[in-house]
Structures are given as C-alpha cells and as structure tokens.
1. Using the basic label-point model (7 angstrom from Cα toward the beta carbon), what is the residue 58 to residue 122 distance in nanometres?
2. Could you list the trypsin sites (Lys or Arg not before Pro) in segment 149-217 that lie in coil according to DSSP, counting only those with at most 13 other Cβ atoms within 10 Å of their Cβ?
3. How far is it, in nm, from the label point at residue 108 to the one at residue 171 when both lie 7 Å from their Cα along the line to the Cβ?
4. Subtract the Cα-Cα distance of residue 65 and residue 275 from 0.36 nm times their separation in residues, and report this length gain in nm to one decimal.
Amino acid sequence: MLAQILPGFRDFRTPLVTGYLWLTVIWILIGAPLPDGKSTVGLMGIINAFGSFLSPAIYLTVLSFVAYVVGMITTINTTSGGLDLLFSRFSPSKGMQDDERIDEIVRSSIRKAKRNNVPPASIVNEFEIEPFYKSKDDYEIRMRAAEGKSDLMKSQYLEHSTRQLQPLLSKSVGESIPALAVKLQEKNKDLFDNYDKDKSEAEFRLSIAGPLAILSVQIFIISWGSAAYYWPWASIIGLLAVVMLIARGLAKRSSATNVVITALEIGNIQSSELERLADLYPTAPAPKVA
C-alpha cells in the first residue's frame, strides 16, 4: 500500500513545494507586508475582508492550488536535454561514463550485426548514412584498389557503414533514455521504481534550488545593515545549501540514468534503434519441401 502511495506523493510534493517557494519570492519581490489579521488597507486589507466569510481551510486550499500550478510550470524536468551542459560541467566523469556504457552497448550490437552478415547497403538505406560509393567512377577506383576482390570490397563497405552508424546510434540511444524508462515500467517494475525514485528526487532538489537561491539573495539585501547580524549568515548558508542541492540533484539524475543503462546492458529492455539494426539480419531461406 505504501509503495503505491509514495510515487504519487513524490509527484505531488515537487510542484507544491516549488510553487510555495516561488510565491514567497514573488511576495518579497513586490514588497508585500507580513500577514496582519488587523490590517484594513492594501493587499492584506483585501485578504482580511474575505476572511469574514472564508475559512482558513479554504484560504489554504486556494493558496495550495495556486502554488501547485506555479510549481508545475517551474518544475525542472530532468529527462529533457536542457540539463546536459550543466550536468557535464558539474560531473564530467559521470557523463563520460554513461556515454561510454552506451557506446559499448551500441558497439556490441554492431558486432552482432557483422556476425550475422547484415548487408552494408541495408544499413546505408535504413539509417540514411553517407554511401560508400559516391559515383560510378568512385566505385571503379575502389575496385581497382581492392584488386578486383569483391569480398574485400564488401568488407570495406561494411566497415564504412558501421563506422558511420556507431555515433548515430549512440546519440539516438542516449536521447531515448526517457522512452526506454517507459519500457522498463512494463518489463521490470522493481528497476523502474528505482529509476522513478531517483528521477523524482533529482527534480525536487533541482527545482527548489532556484527559488532558494533567490530567497537567500533577497534576505541578504533586506538584512544588509540591520542590527540582526545573523541574517546575512543565514543567506550565505542558504546559498551553500543551494550548491549542495544542485550537486545532489545531478547525482540523483545520474543514478536514474544508470538504472536505464543497466537495464539495457542486461537485456531487460531494448532500444528501438538497435531493434531496427537487428531487423536487418538476413532471414534464413525456407526449407525445401520434399
């Protein structure tokens, strides 16, 4: 029962908390006063005027709804490509490790395609890569260089095709991680739960980091020169917490990606791009009926 509730709670928590933080930022930015139940003028006067026929529960419900909508708009989606540059800057070794694992998965599929004698022309046509023969004259030149050996020409053609194909497939597989996670939900629920948990935690940390950073700066500006000497230190601590949130958020994002890559490595799921390559395997001829 708890396992079923937690994923939904994580999805609800991130936009709600993020929205409340942004509303606090806006409240301070427009110079709104602190809540005062006795005020009769300005924004607080309007809010108090409605208090005569609206209960605190209704106020909280409306405020939570507004915060949730704001949070949905401002929540950072870790499955989009917009974080790739930030991710590589904060954790270049992790990003390289993920890319290398994807490259190895693709290389393994290409080696299998070679063992199954996939026609190189099929690879060129299916994936629209640069052709080996650019013209009839180019074909004749290459044939003379191979001393007329068709097997050598075919080997060179296959090597050219797979060399062009490898970076294309690696890029496609890397970009399809979110779609592969959907497949994982059907194939292996336990692995998907790990992916979903890490993804939600990454989005929560990265989403609240922005408004917390602005709040820290706002508090520093407001408290500058005031007698409350501890507020500037609170702002500095807040900014340090933001840095930690970003670092932890990126680490969780990497962990979520690793779950999907691991599922690819152990064969729980298969990339549609790699399936396209497997579909090019030559079919065995049907046995002759006596």
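1. Between residue 58 and residue 122, the label points sit 6.9 nm apart.
2. Working: sites: 149, 154, 163, 171, 183, 187, 189, 197, 199, 205; in loops: 149.
Listed in order of number, the matching sites are 149.
3. It is 2.4 nm.
4. Working: separation 210, 0.36 × 210 = 75.60 nm, distance 4.40 nm.
My answer for the length gained is 71.2 nm.
Coordinate-derived values only; no laboratory data. None of these values were measured; they are calculated from a predicted model. Heads up, the Cβs are rebuilt from the backbone with ideal geometry, glycines too, and the neighbour counts pull from every protein chain shown.
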